[in-house]
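What follows is a short report on a single structure.
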Amino acid sequence: MKVTILGSGASSGVPVIGCDCAVCTSKNPKNKRMRVSVHVEIGNTGILIDTSPDMRQQVLANHIRKVDAVLYTHEHGDHSHGIDDLRGFNFLNQASIPAYGDARTLDLLKQRFSYIFAPPKPEFGWFRASLTAHPVQSMQRFSVKKVKVLPFSQIHGKITTMGYRIGDFAYSTDLNALDDAAFVALRNLDLWVVDCQGYEPSFSHSHLTQTVSWIKRLQPKRAILTHMGHDMDYEKLKAELPPHIEPGYDGLQITL
Ligand SMILES: [Zn+2]
Ligand SMILES: [Zn+2]
Ligand SMILES: [Zn+2]
């Protein structure tokens, strides 16, 4: 399995428009963060988690050619508004792409992007993206081709998001709390990519102290922080963390 961090930034990305802080003006490429997304490749199957507004640049920069399914964590714009560029993968696949997520998320995406969920018209050359909605429920496994995926619910302020476990990898973005079922889903991981928006608590995201305490409890072999805002400098944060916990950066690839 190959996991590629396509984006590791908070909702505004880093740099933030109009900000002159030390991180936003940093020359370190690891402090340039597009909106969060990951790509997972297992054998011949490619899975994209979320379609960030930066999706086109992300798939070009990382030479992503295979997207057999999209897993949506939730509908927030920083996770979904690159959806139109999926048409490139519709063209490569010559087919509509299955989209998984909870029913609420898929319903909201259908309202916003009704043309993408309408019956496809391949005779027009896949000029617009085409998705087929597959609602999933927390803790009920589903398959993308032969790859088994376990979705689990997470608390994100006033809404819930889906985390996803594929083999011994799990992805948990946009959450401020986890329930007992999620702690079960996250046992014995080789890799956990997890929300850590900043140093200070937030009502809908996790912060460094809390994320580190979850990692101590769950003991994944390796943890990578994501959805990071502009108070987090890559080198400073890396120096503060033990070797098995590290800040993510755009383009980071992990082979499991
Ligand atoms: Zn977000
Ligand atoms: Zn800044
Ligand atoms: Zn969100």
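A few notes on this one:
- Annotation note: Cβ proximity below 6 Å between a residue of segment 23-38 that is closer than 13 Å to G9 by Cβ and a residue that is open to solvent by 40 Å² or more (accessible area, probe 1.4 Å) and within 16 Å of ligand 3 (Cβ to nearest atom) (sequence gap 6+ or interchain) occurs for R35/P53.
- Scope segment 20-72; condition within 16 Å of ligand 3 (Cβ to nearest atom) and either charged (D, E, K, R) or open to solvent by 40 Å² or more (accessible area, probe 1.4 Å) (or both); matching residues: R33, M34, R35, D50, P53, D54
- Every pair of residues 6+ apart whose Cβ atoms lie under 7 Å, when the first sits in segment 121-144 and is closer than 18 Å to G88 by Cα while the second is acidic (D, E): A129/D84
- Taking residues in segment 227-248 that are of a type in the set (F, W, Y), and partners anywhere that are open to solvent by less than 50 Å² (accessible area, probe 1.4 Å), the pairs with Cβ atoms closer than 6 Å and at least 6 places apart or on different chains are Y234/N28; Y234/N31; Y234/P247.
- Residue selected from segment 121-131 under the condition open to solvent by 60 Å² or more (accessible area, probe 1.4 Å) and not hydrophobic (A, V, I, L, M, F, W, C), by the criterion nearest to R165 (Cα to Cα): R128
- In summary, strands (runs of 3 or more DSSP E) completely within segment 98-186 and bearing 1 or more residues that are within 16 Å of ligand 1 (Cβ to nearest atom) and more than 20 Å from Q210 (Cβ to Cβ) occur at 159-166.
The values are calculated or read from the model by the stated rules, or taken from the named source; none is laboratory data. From a predicted model like this one, the values you see are computed outputs, not experimental measurements. FYI the Cβ positions are ideal-geometry reconstructions off the backbone, even for glycines, and counts take in every protein chain you see. Side chains are part of the model used for accessible areas, which takes the heavy atoms of the whole protein and leaves out ligands, DNA and RNA. Shrake-Rupley method; radii C 1.70, N 1.55, O 1.52, S 1.80 Å.
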